[in-house]
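See below for the structure under consideration.
Readers should treat all values here as calculations from the given coordinates under stated rules, not as data from a laboratory. Quick caveat: nothing in here was measured; it's all calculated off a predicted structure. So basically every Cβ, Gly included, is an ideal-geometry build from the backbone, and we count neighbours across all protein chains shown.
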Amino acid sequence: MKQKVAVVSGANKGIGFGVAKALAERSYKVIMLGRDKNRINQAAEKIRANKGDVETYIVDVSDTDQVKSFAAVFSELHAGVDVLVNNAGVILEADFGGEPTAVESVNPEDVLATLNVNTVGVLRLTQALMPLLKNADAARIVNISSGMGGITEMEGAWPGYRLSKAALNALTKVTAAETQGTNIKVNSVCPGWVRTDMGTSAANRAVDEAVPGILWAAELGEDGPTGGFFRDGEKIEW
């Protein structure tokens, strides 16, 4: 049986590392992407210590040339990608444990930089790997979003982060519509408020509690949904 290949961005820590570890435990070859060479290699060694099959690449999803270069090198070594988890993300406003920013005070340049990573970074990586996703028997794209980007219950504070995740959800819908009827399914997943460097220690969920809902979207069957927004395998409001 052919080994499945999964690409996870932002895989050196937090949710990305948790997902990479879990996929490796499910016998995937996991391609771990990160911006820092030492951190991504150290994370990979932790998974290899448990006999996980991983490769690492230095990729900053905010850099179009880096993403294209990665895809060019990667496509020489691998014929397809079965799972793409777009996890890399930033919050450049005050963190979730600090004083929140507001529309009247947020730095517009921080908003642009956040969108460049959280939304356009997903677009870059999805574009670059689309030919390989099309080559897979049943490819799954999982965009790690947030309930903070849901329009239905949108509140104030952290406008840059909220805008980036709302736009990411729109990208999920567009991508799903354009791949309807193909081997590709794409969904947004909110992992909840998770205790990571970004989520802070004040968050109410552990990484291990967030991972199963992401794996659910990564391993959807043929009759599974596409173009949806989910948390723990349950549909949530846009």
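Before moving on, here are some points about what is shown:
- Neighbour cut-off at most 12 other Cβ (10 Å), DSSP loop, trypsin sites (Lys or Arg not before Pro), the stretch 44-132: Lys51
- For the stretch 231-238, the Karplus equation 6.51 cos²θ - 1.76 cosθ + 1.60, evaluated at θ = phi - 60°, returns couplings of 9, 6, x, 10, 5, 10, 6, 6 Hz by residue, with Gly and Pro reported as x.
- Rounded tilt (10° steps) of 108-118 against the dominant C-alpha axis of the chain: 20
- Segments 140-152, 107-119 sorted - mean Cβ within 10 Å per residue, highest first: 140-152, 107-119
- Less than 5 angstrom separates the built amide H of Leu84 from those of Val7, Arg140, Ile141, Val142, all sequence-distant by 5 or more or on a different chain.
- In this structure, Val174 and Ala72 have a Cβ-Cβ separation that, at R0 = 22 Å, corresponds to a calculated FRET efficiency of about 0.35.
- Taking 7 Å steps out from each Cα toward its Cβ at Ile151 and Asn41 produces label points 4.6 nm apart.
- Amide H to amide H, with H built 1.01 Å from N, Phe230 comes under 5 Å of Ser188, Val189, Cys190, Ile236, counting only residues 5 or more places away or on other chains.
- Selected from Val54, Val103, Val90 as most flexible by GNM, with the chain as the system and alpha-carbon contacts under 10 Å: Val103
- Angle in degrees between helix 159-178 and the longest Cα principal axis of the chain, rounded to the nearest 10: 40
- Among Trp158, Trp238, the ranking by other beta carbons within 10 Å of each residue's beta carbon, starting with the fewest, stands as Trp238, Trp158.
- Put simply, the amide H of Val54, placed in the peptide plane, has neighbours under 5 Å in Val30, leaving out anything fewer than 5 places away on its chain.
- Rounded to the nearest 20 debye, the dipole size of the stretch 5-235 about its Cα centre is 480 debye, using +1 on the Cβ of Lys and Arg and -1 on the Cβ of Asp and Glu.
- For Leu163, Leu168, order by how many other beta-carbon atoms lie within 10 Å, fewest first: Leu163, Leu168
- Antiparallel bridge percentage (DSSP; both residues within the chain; nearest 5): 5
- Helix axis angle, 64-77 relative to the chain longest principal axis, alpha carbon, degrees: 20
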